[in-house]
Amino acid sequence: MTSPPVTPALELDGVSFAYGRVPVLHDVSLQVIEGQFVAVVGGNGSGKTTLMKLALGLLRPTAGRVRLFGTPLESFRSWNEIGYVPQRAMAASALPVSVDEVVASGLAAKARPFGRRRPEELARIEHVVELLGLDRSRRSRMSELSGGQQQRALIARALVTAPRLLIMDEPTAGVDADARDVLRDSLEHLVDVEGMAVVYVSHDPEGFAGLADRVVEVCAGQVGVDVPTVAPRAAVDMG
Ligand SMILES: Nc1ncnc2c1ncn2[C@@H]1O[C@H](COP(=O)(O)OP(=O)(O)OP(=O)(O)O)[C@@H](O)[C@H]1O
Ligand SMILES: [Mg+2]
């Protein structure tokens with residue numbers, strides 16, 4: 001018996017993109033299904049961030065199609081199912097807002113009048129803040145935190161909706177090994193137990209070692225065949 005077809009969480013189909021006349025990606029196809037962790041590697045300027053922005057509709061492809069959970073990007077509305085940690089998002093850190101406010105802003109799509117939060121939303125904020133080791137900094141302003149603590153707050157923000165697809169662009173840049181390991185452990189749980197799909201761009205293989213089902217490389221405008229940069233999860237599990 002064959003299993004029913006699985007709708008990918010993310011699907012790029014023949015996507016090309018150029019900034020003006022400068023081509024960056026050419027005829028790229030990629031599928032990420034729920035419960036799958038795909039690491040994306042590639043040199044500086046190869047087009048990884050551009051690829052993530054295309055997946056999120058922040059950039060429009062010059063050719064090809066993007067679908068989120070089977071819905072063409074143009075008509076996709078369920079943005080609280082998508083978490084995003086942008087690369088170098090620390091510009092947000094100069095804002096005079098507290099850690100709690102940054103994390104809660106991830107729930108903006110579900111915001112209620114007068115900022116009142118449902119008990120389950122407050123519990124979720126509490127949970128992700130603890131998960132990322134930020135309990136003691138909750139009332140601190142972002143500008144009072146270290147770079148690594150700020151980055152943790154942005155990761156917590158992306159997780160607060162319990163997304164079904166999480167796109168992270170260099171999430172561990174600037175964070176210490178402890179925070180990286182906390183993130184890895186929580187991602188492992190979210191992928192294996194909750195079936196979340198993850199796309200994880202990184203130059204640091206330690207962040208996804210033993211976690212990634214697939215590692216793909218962006219190179220010369222293409223998303224290359226899976227590269228054996230690290231042992232895939234199945235292989236690690238056997239060992
Ligand atoms: N807004 C922009 N306008 C014009 N060109 C851009 C823009 N953003 C990126 N580029 C160019 O597109 C190419 C891909 O950039 P991108 O940021 O996607 O690379 P990356 O793989 O994420 O690199 P890194 O590892 O340094 O983060 C680079 O040559 C870059 O100079
Ligand atoms: Mg980048």
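Checking each residue in region 157-199 for being touching a Ser or Thr at 6+ places or on another chain (Cβ under 9 Å), within 16 Å of ligand 2 (Cβ to nearest atom) and of a type in the set (A, V, I, L, M, F, W, C) picks out Met168, Ala173.
Of all the residues that make up region 78-104, how many are within 16 Å of ligand 2 (Cβ to nearest atom), outside any strand (DSSP E or B) and of a type in the set (A, V, I, L, M)?
Taking region 78-104 as the starting set, the residues that turn out to be within 16 Å of ligand 2 (Cβ to nearest atom) are 84-91.
When the remaining residues are screened for being outside any strand (DSSP E or B), the result is 86-91.
Restricting the remaining residues to those that are of a type in the set (A, V, I, L, M) gives 89-91.
Number satisfying all stated conditions: 3.
Number of residues in region 163-173 that are surrounded by fewer than 24 Cβ atoms within 10 Å (Cβ to Cβ) and modelled with pLDDT of 90 or more: the value is 5. Scan region 212-223 residue by residue and report those that are aliphatic (A, V, I, L, M) and surrounded by fewer than 21 Cβ atoms within 10 Å (Cβ to Cβ). Residue satisfying the conditions is Ala220 alone.
The values are calculated or read from the model by the stated rules, or taken from the named source; none is laboratory data. What you see is a predicted model; the values in this text were computed from it and never measured. Because the Cβ atoms are built from the backbone with ideal geometry, glycine has one as well, and the counts that use them run over all protein chains shown.
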